Structure formats: C-alpha cells, structure tokens
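Taking it in order: structure first as structure tokens, then the write-up.
The values are calculated or read from the model by the stated rules, or taken from the named source; none is laboratory data. The shown structure was predicted, so the numbers you read here are calculated from the model rather than taken from an experiment. With ideal geometry, Cβ positions are generated from the backbone for all residues, glycine too; neighbour counts draw on all protein chains shown.
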Amino acid sequence: MRVAVFSTKSYDREFLDAANATAQANHEFVYFDTRLTPKTASLAAECPAVCAFVNDDLGAETLEILAEQGTRFIALRSTGFNNVDLKTAAELGIKVARVTVYSPFSVAEHAVGLVLMLNRRLYRAYNRVRDDNFSLEGLLGFDLYGSTVGIIGTGKIGIIFAQIMHGFGCHLLGYDAFPNPKFEAIGNTRYVELPELFANADIISLHCPLTPETHHLIDASAIAQMKPGMMLINTSRGGLIDTKAVIEGIKSGKIGHLGIDVYEQEDELFFRDLSDTVIQDDAFQLLQSFSNVVITAHQAFFTRNALTDISTTTVSNITDFEQGHPLKNEISYQPLMA
Ligand code: NAD
C-alpha cells in the first residue's frame, strides 16, 4: 500500500523500513519531514493510507482534504490520539488505528529520570563541574525513600512508573478514572481522590490521556491544594497542564520543581532544531528561564525498543487494513469521547 508518512526523521525512516522488510509487507512509504496540516495534506494525494505522529493535525479540515484525495486509513505512530477528530473521520469513512502498546518502560523510565535530575539538580551539577565549580550551594535534594508520590493515570506507563518508585521506597497514591488492580498489588499503594493526592504528594507524575475531562487537570485550583515545594512531572500530554497557572505556581514556590517532556504548544517547537531562531513563545521562554525547571522535547518514548515496537505495529496495522483483516488497534469513534 502507498502510505504518506508525515513528520518523519531519519530514525522513523530507519525503523519503519526495517519493520516493512522484516514483515515482507512491501508497503511503499513516501516520507515527508513536514507536519501534516491542512496546508500540507495535498502531499498525500493518491495515498490510500497516511501515517502520522503526535503533533500532526488531524482535525476536520485536514481529514476532509485527505478524504477527497482518496485516503481511507490513518495509521498513528503513537498511543495518544487527542490530535484526531474521530467523529469527522468516522463521518468521512476514514478508519484510524494507533499503536496501542509499545515499550511502556521508555516513558516511565524517562519520568523517573526527570525526578532524579530535578531532585539532585543533576543538570546544574553537570555544568558546574565542567566549569571547575565544585560548590554544592543550590544543589540540595531530598531522599526519595519515604517520600509520597502521586500518580494520576495508572495504566501501562503509570504502573511501571509506580513499580520503579516503589523500588525507591516511596509511598504511592494513585488516582484513576478506572482503578487498576495491578496498582494495589505493588504494595505501599493507595487509590485516593484528587484532593487527597494533591494535598499529600511530594511528587506528582501525570500518566493519563488528554481528553476533554483531563484538559488543564493541573490548574490554579489544583495547584492551590498542593504541598509547598512539590515536584510536578508531565510526560503525558502538554494540555493536562495550564501553563500560565504552573508558571504562577513556580513563582509562588508552590511548585518547587517542574519536569516536562510535553508542552501544550509544542507543535510549534518540538522535533526540530530552532537554535538559530528567536522563539516567539513567551511562556515557554519564561519556563526555560527558571532554575528549577527541566524540559525535554517529547523524547520519553525515544528508545530503540519503543521505536521497534511502534514501527512493527504500524506496519501490521497498515497490512491489516490493506488485506481487509479486522483492525485490532482501531480507535472507533464513540459519542462519549466528544
Ligand atoms: P493507558 O491507556 O495504558 O493508561 C492511561 C490511564 O489513564 C488508564 O488507566 C485510564 O483509566 C486513565 N485515565 C483515563 N481517563 C482518566 C481521567 N479522567 N483521570 C484519571 N485517569 C484517567 O495509557 P499509557 O500507555 O499508560 O499512556 C499514558 C499517556 O502517556 C498517553 O495517553 C500519552 O498521552 C502519553 N504518552 C507520552 C509519550 C511521550 O513520549 N512523552 C509516549 C507515550 C505515551
């Protein structure tokens, strides 16, 4: 099948080509660096399938152009699908599939990396020592052992994160719209309602999807309930956090450390080299200026293991569609999602 693959980098091509060869699928991948938007959708002309990533715009306008050009299938190279207008896709007869599972260790381990980096100020220590500055001023951390970690979303990634933090000797508080028995089986864990989690957690890590319900879950009122100096980690989706409220929370000292791998307006920034550009996003630049904030550019998934899983499942999703097999990873529109 001829597939227009958007937002591709060298590593996407390498792993997709390898998966295509291993499965002997013979799909014809047409690679584009550019994001999929209404302006670039014409590149997919004559491609029955489109392969897209997290910051591609699969809103109604793009989908209508794709449908008119003959696209019938969208293969997402991600688990999250908040960037797709599923209702419009269903109305246009476009099927959508995603990568339901890929190494959850990749994202969970990155979240733990952010915790360690922020707590022990490793980013400052690294630069200081390279500068022959061996002072410890400003590097004071706290023991993770005995601290309380709040985990919002205890699915595949949240559970692995919980298991690792349990290994450090942390007390774990969980919140999930659909509690997971695996969480309670870890031990030293308890499901609570959000106000209790906000009030007691030294560290809060977000692992739920971005939905209308979870949009700006961390807003001014949530931050007001948190412990002074707490650490907030977001490796899930930028829209879970109200950036303005978080900036105020950092300024007031409520949020003592912020580690984010995702950012609400990241589609204008991430996955490209803008080092010679003047960044126009003032909120992002302000965040960057705080000494207790660490930002990575949506790299939590970025391990060899995860890229292999993503590419293998993507190729298999396209083959299932091409051969008319049931789409095991299909995301069907349900009115409740709206
Ligand atoms: P998952 O579906 O296994 O788990 C999500 C959990 O969130 C589920 O237990 C679900 O019940 C819970 N949930 C749903 N709605 C909720 C709500 N309103 N309040 C609280 N909990 C709610 O998904 P996963 O594989 O663990 O991935 C979690 C998220 O991580 C994805 O949605 C995606 O946005 C993000 N992600 C980020 C990266 C990255 O590179 N930064 C990579 C992969 C996934």
Q: Sort out which residues of the stretch 99-109 are part of a helix (DSSP H, G or I), near the ligand (Cβ under 8 Å from one of its atoms) and either crowded, with 22+ Cβ neighbours inside 10 Å or of a type in the set (Val, Ile, Thr) (or both), and write them in order of number.
A: SER106, VAL107
Q: Find the helices (runs of 4 or more DSSP H) located wholly in the stretch 227-333 whose residues include 3 or more that are within 16 Å of the ligand (Cβ to nearest atom) and closer than 25 Å to ASP85 by Cβ, and list them.
A: 304-322
Q: Of the numbered conditions (1) buried (at least 22 other Cβ atoms within 10 Å of the Cβ); (2) closer than 29 Å to LYS95 by Cβ; (3) free of Cβ contacts under 8 Å to residues at least 60 places away in the same chain, THR235 fails exactly one; give the number of that condition.
A: (3)
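This table checks each residue for (1) over 15 Å from GLU322 (Cβ atoms); (2) at pLDDT below 95.
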| position | (1), (2) |
| --- | --- |
| SER7 | yes, no |
| ARG13 | yes, no |
| THR22 | yes, no |
| VAL30 | yes, no |
| VAL50 | no, no |
| VAL54 | yes, yes |
| GLU61 | yes, no |
**Q.** Qualifying positions in the stretch 283-338 - within 20 Å of ILE74 (Cβ to Cβ) and among the polar types (S, T, N, Q)
**A.** SER311, THR312, THR313, THR314, SER316, ASN317, THR319, GLN323, ASN329, SER332, GLN334
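The rows are residues; the columns are (1) surrounded by fewer than 19 Cβ atoms within 10 Å (Cβ to Cβ); (2) in contact with a helix residue (DSSP H, G or I) (Cβ under 7 Å, 6 or more places away or on another chain); (3) among the acidic types (Asp, Glu).
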site	(1), (2), (3)
SER252	yes, no, no
ILE255	no, yes, no
VAL262	no, yes, no
ASP267	yes, no, yes
ASP282	yes, no, yes
THR308	yes, yes, no
PRO335	yes, no, no
Q | Selection status of ILE233, modelled with pLDDT of 95 or more, within 14 Å of the chain's Cα centre (by Cα) and not hydroxyl-bearing (Ser, Thr, Tyr) | A | yes
